[in-house]
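Data block below; observations after.
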Amino acid sequence: MSPDYFQARISREIWDGKYRFRERGDIRDATIEDSWQRIARALAAAEPSDADGWRRRFYDVLSGFRFLPGGRIQAGAGTGHRVTLFNCFVMGTIHDSLDGIFDALKEGALTMQQGGGIGYDFSTLRPRGDIAQSVGMVASGPVSFMQIWDAMCGTILSAGARRGAMMAVLRCDHPDIEAFVEAKRNPDQLRHFNLSVLVSDDFMRAVRTGAPWPLVFPVRPGEDAAGSDTVERLWPGAEAPRPCRIYRRVSARELWDKIMQATYDYAEPGVIFIDRVNSMNNLWYRERLNATNPCGEIPLPPYGACDLGSINLTQFVAAPFTDHAELDLHAIGDVVEVATRMLDNVVDISRFPIQQQELTERSERRIGLGFTGLADALIMLGVRYGSAPSLALAAEVMRTICHRAYRTSIALAREKGPFPWLERERYLQGAFVGSLPEDIRDGIRRYGIRNSHLTAVAPTGTISLLANNVSSGLEPVYALEYRRTLRTVGGSTESHAVADYAYRLFQRNFGDAPLPSAFVTAAKIPPTVQLDVQAALQPFVDNAISKTINVPVDYSFEQFRLLYDYAYDKGLKGCTTFRPNPVTGAVLVGQEEELPSIHCCSLEREAD
């Protein structure tokens, strides 16, 4: 008799509603083991030899939720359905014309129809009040066009497609930046979007020196800019800096305070330190990144895709809650080798909603391998989240994943060939690649590498709940017990009592014994300490990290404002916070209460 891998009803419901294979209403996956076999068989089909051997290896790491591929992989692999196996995409540059805008809208709709979340940079759209010279019309600005995307997303959802997730970003020097920052103050506006501001190093310097900050937009071809106050800026859609007209100058510090006040009041927008993202990009020599996927863990070029998977750290803790508890880093490394190969195979077997996405992803072969369950694993090891030992251990885990993934990708390049857009010497000059051990750099120089990027830490909200509610990604445990609402296969909603994985395991092993001091929830962990955990991982993440910093309701604005300075100084690529507020909700942790819809990591805001 097969074991029952589900310890909670909600986990079984997640599988049944989101990942179980049905064909015209008929159930094809009788058990979760059937789902794992289906996924393993589909991914092994990409192997040129010994496909059955690789199927067994793939099944082995899936079994028991040791490795959790992204939700689109789990739902779509081996079904024959016309869906993508990629969770999210960054869409192409939006051209500043009505044709360009609606072409981009159509591409987004097609991508969401197949189950992909989407990210856009709206900076290419001219500011509100500008005159479109060719037709003599007044531009309505990027925020107004975002409303159309929001309606499109809601319409596709109402037609029965999987829920949508979208990211909208805008440059900090766009003339409509203030309207963008305020766009979600109304709780009924842009509910399908996450918003983030692209913050440059120049802007941060201007904030700290109190300098004025120019808000600009490119001079259009054929437009006479004589007599205008202009500056040169590298703008999305252009390979070289373009002359940009200065519309007005504002105080950088006052604009920064507006951004901070908005996210303090209603948890958006987030901040992306875009120059740092680009300075650490492995493909610095051929692309500029201007947007991310909906939860921010994968900055992508136009038409880039994210191919995600997470190692469940709770399954590698021996003798939990004892003095002999230990994390098996060697076993984690072994799973990394298999998981890297699996995610690489996803590139070959997946469908793509539009052709440009296929070209980009198969030329870069970018993947994002990370982990989930960090907080629960630390509790099981008796290590308090945010303590010095926890930072060292988290860094060691991410180092293991990163270095083993890079070595595996080099071996895959020897076996199957490097990614097509690799230019070895220029790739080796990248800042992140330059930080890797010498044997890895030598291997890339000799054999190339199969994947342009390899690591990311995703929010993993849905797949962590599937795996019996392990703590999500690198997030602290939010609450030991709470209630969660889930949408069923039939479209109705059900409320479930949910307990944290480590908490439930301790109760099963030790009954009503007092909880060890390592049992700590997010409300007890200072925001700066949460940023320290994120910073401990960053040196080993070539994509990015999705982390929502939980902030107490009584945290002062001045303290809050300093968090973003702290994140910038710690070398992070971005920062997202959640403070309870009237727009987004309050922090509720009681067993009879619901968890709030956090900025990027709730089930309703993640492209699972």
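The values are calculated or read from the model by the stated rules, or taken from the named source; none is laboratory data. Keep in mind that what you see is a predicted model, and the values were worked out from it rather than measured. Virtual Cβ from ideal backbone geometry, glycine too; neighbours counted across all protein chains shown.
Does segment 117-129 include one or more residues that are in contact (Cβ under 8 Å) with a residue 40 or more places away in the chain, within 25 Å of Leu374 (Cβ to Cβ) and either assigned to a helix (DSSP H, G or I) or acidic (Asp, Glu) (or both)? Among the residues of segment 117-129, not one is in contact (Cβ under 8 Å) with a residue 40 or more places away in the chain, within 25 Å of Leu374 (Cβ to Cβ) and either assigned to a helix (DSSP H, G or I) or acidic (Asp, Glu) (or both), which makes the answer no.
Which one is nearest to Ser435 (Cα to Cα) among residues in segment 525-582 that are hydroxyl-bearing (Ser, Thr, Tyr) and touching a residue at least 60 places away in the same chain (Cβ under 8 Å)?
Looking at the filtered set, the residue picked out is Tyr568.
Residues that are in contact with a Pro (Cβ under 8 Å, 6 or more places away or on another chain) and more than 30 Å from Tyr406 (Cβ to Cβ) within segment 528-551 comprise Asn550, Val551, listed in sequence order. All but one of (1) of a type outside the set (Phe, Trp, Tyr); (2) out of contact with any Asp or Glu (no Cβ under 9 Å at 6 or more places or on another chain); (3) surrounded by fewer than 22 Cβ atoms within 10 Å (Cβ to Cβ); (4) over 19 Å from Gly473 (Cβ atoms) hold for Leu289, so report the exception by its number. If we test Leu289 against (1) of a type outside the set (Phe, Trp, Tyr); (2) out of contact with any Asp or Glu (no Cβ under 9 Å at 6 or more places or on another chain); (3) surrounded by fewer than 22 Cβ atoms within 10 Å (Cβ to Cβ); (4) over 19 Å from Gly473 (Cβ atoms), just (3) comes out false. Between a first residue in segment 219-243 that is in contact (Cβ under 8 Å) with a residue 60 or more places away in the chain and a second residue that is part of a loop (DSSP other than H, G, I, E, B) and not acidic (Asp, Glu), which pairs have beta carbons less than 7 Å apart while being 6 or more apart in sequence or on different chains? Qualifying pairs under 7 Å: Glu223/Gln133; Arg233/Pro241; Pro236/Thr93; Pro236/Asn290; Gly237/Thr93.
Taken over segment 381-411, the criterion of being touching a helix residue (DSSP H, G or I) at 6+ places or on another chain (Cβ under 7 Å) and either more than 20 Å from Val336 (Cβ to Cβ) or not in a helix (DSSP H, G or I) (or both) is satisfied by Val383, Arg384, Tyr385, Gly386, Ser390, Leu391.
Residues Glu423, Glu358: which one is acidic (Asp, Glu) and either surrounded by 16 or more Cβ atoms within 10 Å (Cβ to Cβ) or closer than 23 Å to Ala536 by Cβ (or both)?
Of Glu423, Glu358, the one residue that is acidic (Asp, Glu) and either surrounded by 16 or more Cβ atoms within 10 Å (Cβ to Cβ) or closer than 23 Å to Ala536 by Cβ (or both) is Glu358.
Condition check for Pro420 on (1) outside any helix (DSSP H, G or I); (2) in contact with a His (Cβ under 8 Å, 6 or more places away or on another chain): one failure, at (2).
Regarding Arg407, is this residue of a type in the set (D, E, K, R) and either under 24 Å from the mean Cα position of the chain (by Cα) or modelled with pLDDT under 95 (or both)? Yes. Within the span defined as segment 245-260, every residue fails to be hydroxyl-bearing (Ser, Thr, Tyr), more than 20 Å from Leu195 (Cβ to Cβ) and modelled with pLDDT under 95. In segment 377-403, the residues that are free of Cβ contacts under 8 Å to residues at least 60 places away in the same chain reach residues that are not charged (D, E, K, R) with C-beta atoms within less than 6 angstrom, at least six apart or across chains, in these pairs: Pro389/Val383.
Here Asp4 clears all of (1) assigned to a helix (DSSP H, G or I); (2) within 27 Å of Val338 (Cβ to Cβ); (3) charged (D, E, K, R) except the condition numbered (1). Out of Arg24, Arg82, one residue alone is modelled with pLDDT under 95, among the charged types (D, E, K, R), within 28 Å of the chain's Cα centre (by Cα) and closer than 28 Å to Glu358 by Cβ. It is Arg82.
For the criterion of being farther than 24 Å from Leu343 by Cα, in a loop (DSSP other than H, G, I, E, B), within 25 Å of the chain's Cα centre (by Cα) and outside the structural domain of Ala339 (by TED's automatic domain parsing), Ala502 fails. From the list Leu603, Leu563, Leu572, the one residue that fits, being at pLDDT 95 or above, surrounded by 18 or more Cβ atoms within 10 Å (Cβ to Cβ) and under 28 Å from Ala405 (Cβ atoms), is Leu572.
Which is assigned by TED's automatic domain parsing to the domain that holds Gly373, touching a residue at least 60 places away in the same chain (Cβ under 8 Å) and either more than 24 Å from Arg341 (Cβ to Cβ) or of a type outside the set (Asp, Glu) (or both), of Ala44, Ala40, Ala51, Ala30?
Values: Ala40 fails: touching a residue at least 60 places away in the same chain (Cβ under 8 Å); Ala51 fails: touching a residue at least 60 places away in the same chain (Cβ under 8 Å); Ala30 fails: touching a residue at least 60 places away in the same chain (Cβ under 8 Å).
From the options Ala44, Ala40, Ala51, Ala30, the qualifying one is Ala44.
The numbered conditions (1) more than 22 Å from the chain's Cα centre (by Cα); (2) closer than 14 Å to Val169 by Cβ are all true for Arg286 except (2).
Among the residues of this structure, Arg414 counts as one that is touching a Phe, Trp or Tyr at 6+ places or on another chain (Cβ under 6 Å) and assigned to a helix (DSSP H, G or I). The set of residues from segment 144-173 being at pLDDT 95 or above, surrounded by 22 or more Cβ atoms within 10 Å (Cβ to Cβ) and of a type outside the set (Asp, Glu) comprises Met146, Trp149, Met166, Met167, Ala168, Val169, Leu170, Arg171, Cys172.
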